[in-house]
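Q: My questions all concern the structure below.
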Amino acid sequence: MSLLAVGISHRTAPVALLEQFAMGDDDRVKALHELVEGDHVAEALVLATCNRVEVFAEVDRFHGGVTDVSRVLARQAGASVEELSPYVTVHYEDQAVTHLFTVAAGLDSMVVGETQVLGQLRAAYALARAQGTVGRALHPIAQRALRVGKRVHAETGIDRAGASLVSVALDRAEARIGDLAGRRALVVGAGSMGALAATTLARRGADVVIGSRTHASAQRLAATLGGRAVELADADEELVTADVVVSCTGATGVVVTTESVAAAMARRDGRELAVVDLALPRDVDPGVAALPGVHVVDLALLQGERSALDGGPAATSPVAADDIAAAHALIESEAALLRAEQQAAAVAPTVSALRSQAAEVVDAELLRLSTRLPDLDPRARAEVARTVRRVVDKLLHEPTVRVKQLSAGPGGTDYAGALRALFGLGIDADVDGATTSLADAVTVDPDRQGGAA
């Protein structure tokens with residue numbers, strides 16, 4: 001069995017395509033069970049955010065696993081596997097682990113260094129655990145990824161290299177209408193993203209109004225910020241006095257319409273309005289961007305800015321570059337440690353079988369000695385037994401220690417296989433973690449295998 005990561009992200013796909021992958025909780029649950037009911041996926045975790053959907057799965061075969069996962073993703077997007085293939089990236093074995101750690105640390109996010117994805121990964125892991133789709137293989141990997149994400153933010157200055165997606169979007173809004181301090185802000189949506197947006201706006205000195213389909217949720221959030229809650233049906237009226245609108249609901253259709261914004265703009269005496277759309281699929285009608293005096297900041301705009309930075313001169317300061325390098329070094333260290341632990345655990349059955357076989361041989365020979373020399377002095381018999389066991393332990397010490405040491409390197413399980421063959425140990429080779437070779441796997445898309453997702 002091996003770890004496989006298959007997904008689509010802001011690095012490879014336009015926002016319009018990412019919108020097709022928007023998942024509610026029911027969608028995630030359905031996808032998890034559909035994945036593990038396939039022929040080649042034993043365990044699965046689905047990470048779906050506003051700029052990525054990725055499946056991390058324990059599979060018995062590379063090709064079969066890619067096929068099973070791709071079919072589930074295609075169904076969710078309402079597309080064919082062939083239509084998605086140009087945008088899909090695949091990571092396998094060690095590269096899949098490193099990629100998951102990189103995602104958890106916020107290094108693969110649209111805004112480098114943001115922390116929200118760590119919470120999203122934690123929620124994805126909790127959901128998979130609740131649905132019983134993660135087990136002995138994915139548990140330690142997911143837990144280590146969460147640990148890595150926390151370590152990166154606690155032990156490096158990566159937080160200085162980037163901010164949350166909300167903060168960057170609000171920076172863009174301020175660039176268009178000016179400082180938000182003392183301005184009125186309308187937040188549509190009271191979920192995790194809405195709460196983050198409202199909190200960030202309040203810290204910037206804005207007067208925050210919360211509108212949500214669940215009025216009780218809006219009231220709770222508003223109470224924590226000293227703001228005000230309104231019924232979602234009354235949000236259109238708030239557009240008349242708001243300076244910035246942030247919409248981030250889980251709705252599948254348009255929430256902020258062109259008609260409602262146009263009607264509000266007609267009553268604003270020429271005051272400009274910034275509209276921030278952080279939802280996927282989008283909450284704001286595309287026609288809003290064409291209205292005079294309205295400035296729209298959405299995921300497509302942020303994705304375009306990220307792409308421009310990636311293709312241009314250094315996007316970070318020297319300090320940020322050092323922080324990012326330190327984060328990558330920590331990820332590599334943790335990935336190497338996990339690999340060593342996994343390989344050591346993989347050879348443990350071989351070592352245990354070897355010692356058990358040796359103990360059985362010793363016991364059989366001591367029994368034979370008792371039969372042939374029944375009158376042997378008990379003290380002498382005990383001394384002979386101790387001597388034989390000591391000799392066997394010393395003979396086995398070096399090979400068992402060495403096989404554990406060698407298992408930490410590339411091809412470590414091959415040494416366990418040699419040990420099984422030499423001593424005739426009758427245990428299943430799969431116990432020691434034999435996996436499909438990577439060279440056997442690249443025909444799906446060799447140019448993208450192991451690429452950024």
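Q: Go through (1) among the aromatic types (Phe, Trp, Tyr); (2) modelled with pLDDT under 90; (3) not in a loop (DSSP other than H, G, I, E, B) for Phe21 and report which single condition fails.
A: All conditions pass for Phe21, except number (3).
Q: Let me ask another. Please work out which one of (1) part of a helix (DSSP H, G or I); (2) more than 21 Å from Ala289 (Cα to Cα); (3) of a type in the set (A, V, I, L, M) is the condition Ile210 fails and give its number.
A: Only one criterion is unmet by Ile210, namely (1).
Q: Considering only segment 175-187, state which residues are surrounded by fewer than 17 Cβ atoms within 10 Å (Cβ to Cβ) and either in contact with a helix residue (DSSP H, G or I) (Cβ under 7 Å, 6 or more places away or on another chain) or under 17 Å from Asp277 (Cβ atoms) (or both). Spell out the reasoning first.
A: Just the residues of segment 175-187 that are surrounded by fewer than 17 Cβ atoms within 10 Å (Cβ to Cβ), to begin with: 175-179, 181-182.
Scanning segment 175-187 gives Ala175, Arg176, Ile177.
Q: State which residue pairs qualify: first residue touching a residue at least 60 places away in the same chain (Cβ under 8 Å) and under 21 Å from His10 (Cβ atoms) and inside segment 51-72, second residue surrounded by fewer than 23 Cβ atoms within 10 Å (Cβ to Cβ) and of a type in the set (Lys, Arg) in any location, beta carbons under 9 Å apart, and separation of 6 or more residues or different chains.
A: What qualifies is Asn51/Arg11; Arg52/Arg11.
Q: If you check Gly304 against the conditions, is it modelled with pLDDT under 95 and not in a helix (DSSP H, G or I)?
A: Numbers: modelled with pLDDT under 95: yes; not in a helix (DSSP H, G or I): no.
No, not satisfied.
Q: Do we have any residue at all in segment 344-352 that's more than 17 Å from Tyr415 (Cβ to Cβ), surrounded by 14 or more Cβ atoms within 10 Å (Cβ to Cβ) and modelled with pLDDT under 90?
A: no
Q: Just for segment 188-207: of the residues that are part of a loop (DSSP other than H, G, I, E, B) and within 29 Å of the chain's Cα centre (by Cα), which one is nearest to Val276 (Cα to Cα)? Step through it out loud before you land on a result.
A: Of all residues in segment 188-207, those part of a loop (DSSP other than H, G, I, E, B) come to 189-191, 204-206.
Going one step further and asking which of them are within 29 Å of the chain's Cα centre (by Cα), we end up with 189-191.
On the way: Gly189: 12, Ala190: 15, Gly191: 16 Å.
Here the answer is Gly189.
Q: Looking at segment 147-170, is at least one residue buried (at least 18 other Cβ atoms within 10 Å of the Cβ), under 24 Å from Lys30 (Cβ atoms) and either modelled with pLDDT of 95 or more or under 15 Å from the mean Cα position of the chain (by Cα) (or both)?
A: Among the residues of segment 147-170, not one is buried (at least 18 other Cβ atoms within 10 Å of the Cβ), under 24 Å from Lys30 (Cβ atoms) and either modelled with pLDDT of 95 or more or under 15 Å from the mean Cα position of the chain (by Cα) (or both), which makes the answer no.
Q: May I ask you to say which residue of Val117, Val59 is crowded, with 24+ Cβ neighbours inside 10 Å and modelled with pLDDT under 95?
A: Numbers: Val59 fails: modelled with pLDDT under 95.
Testing whether each residue is crowded, with 24+ Cβ neighbours inside 10 Å and modelled with pLDDT under 95 leaves just Val117.
Q: Here's another thing I want to ask about it. Against the definition (under 28 Å from Ala279 (Cα atoms) and either buried (at least 21 other Cβ atoms within 10 Å of the Cβ) or under 17 Å from the mean Cα position of the chain (by Cα) (or both)), how does Tyr125 come out, yes or no?
A: Here the answer is yes, as Tyr125 does meet what is asked.
Q: Picking from Leu107, Leu35, which residue would you name as being crowded, with 21+ Cβ neighbours inside 10 Å, within 24 Å of Arg136 (Cβ to Cβ) and hydrophobic (A, V, I, L, M, F, W, C)? Before you say what the answer is, go through the steps one by one.
A: Numbers: Leu107 fails: within 24 Å of Arg136 (Cβ to Cβ).
From the options Leu107, Leu35, the qualifying one is Leu35.
Q: Another question, if that's okay. Could you grab me the full set of residues in segment 247-261 that are of a type in the set (A, V, I, L, M, F, W, C), in contact with a strand residue (DSSP E or B) (Cβ under 9 Å, 6 or more places away or on another chain) and within 18 Å of Glu19 (Cα to Cα)?
A: Answer for segment 247-261, where residues must be of a type in the set (A, V, I, L, M, F, W, C), in contact with a strand residue (DSSP E or B) (Cβ under 9 Å, 6 or more places away or on another chain) and within 18 Å of Glu19 (Cα to Cα): Cys248, Val254, Val255, Val256.
Here's the yes/no breakdown for (1) modelled with pLDDT of 75 or more; (2) in a helix (DSSP H, G or I); (3) among the acidic types (Asp, Glu):
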position: Ala385; (1), (2), (3): yes, yes, no
position: Arg389; (1), (2), (3): yes, yes, no
position: Val392; (1), (2), (3): yes, yes, no
position: Leu395; (1), (2), (3): yes, yes, no
position: Thr413; (1), (2), (3): no, yes, no
position: Arg420; (1), (2), (3): yes, yes, no
position: Gly426; (1), (2), (3): no, no, no
position: Asp430; (1), (2), (3): no, yes, yes
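Q: Let me ask another. What's the number of the condition Thr98 fails, among (1) more than 14 Å from the chain's Cα centre (by Cα); (2) buried (at least 21 other Cβ atoms within 10 Å of the Cβ)?
A: (1)
Q: Only residues that are assigned to a helix (DSSP H, G or I), hydrophobic (A, V, I, L, M, F, W, C) and either in contact with a His (Cβ under 6 Å, 6 or more places away or on another chain) or at pLDDT 95 or above (or both): list them for segment 278-301, please.
A: Start the filter on segment 278-301 by keeping residues that are assigned to a helix (DSSP H, G or I), which leaves 286-290, 299-301.
Checking the rest, the ones that are also hydrophobic (A, V, I, L, M, F, W, C) come to 288-290, 299-301.
Of everything in segment 278-301, those that are assigned to a helix (DSSP H, G or I), hydrophobic (A, V, I, L, M, F, W, C) and either in contact with a His (Cβ under 6 Å, 6 or more places away or on another chain) or at pLDDT 95 or above (or both) turn out to be Val288, Ala289, Ala290.
Q: Quick one: in segment 319-340, which of the residues that are within 22 Å of Ala154 (Cβ to Cβ) and modelled with pLDDT under 80 is surrounded by the most Cβ atoms within 10 Å (Cβ to Cβ)? First the steps, then the outcome.
A: We begin by selecting, within segment 319-340, every residue within 22 Å of Ala154 (Cβ to Cβ); these are 319-338.
Those still in the list that are modelled with pLDDT under 80 too: 319-321.
On the way: Val319: 11, Ala320: 18, Ala321: 13.
Once the filter is applied, the top-ranked residue is Ala320.
Q: Then there is this: Name the helices (runs of 4 or more DSSP H) wholly within segment 115-187 that hold at least 1 residues that are more than 23 Å from Gly211 (Cβ to Cβ), basic (Lys, Arg) and without any contact (Cβ under 8 Å) to a residue 12 or more places away in the chain? Can you show your working first?
A: On the way: elements: 116-131, 138-155, 158-161, 165-177.
Answer list for segment 115-187: 116-131.
Q: May I ask you to list the residues in segment 241-256 that are assigned to a strand (DSSP E or B) and under 30 Å from the mean Cα position of the chain (by Cα)? Break it down into steps so the answer makes sense when it comes.
A: Of the residues in segment 241-256, the ones assigned to a strand (DSSP E or B) are 244-247, 256.
Correct list: Val245, Val246, Ser247.
The values are calculated or read from the model by the stated rules, or taken from the named source; none is laboratory data. Source: prediction; values computed, not measured. Cβ: placed from backbone, ideal geometry, glycine included. Neighbour counts: every protein chain shown.
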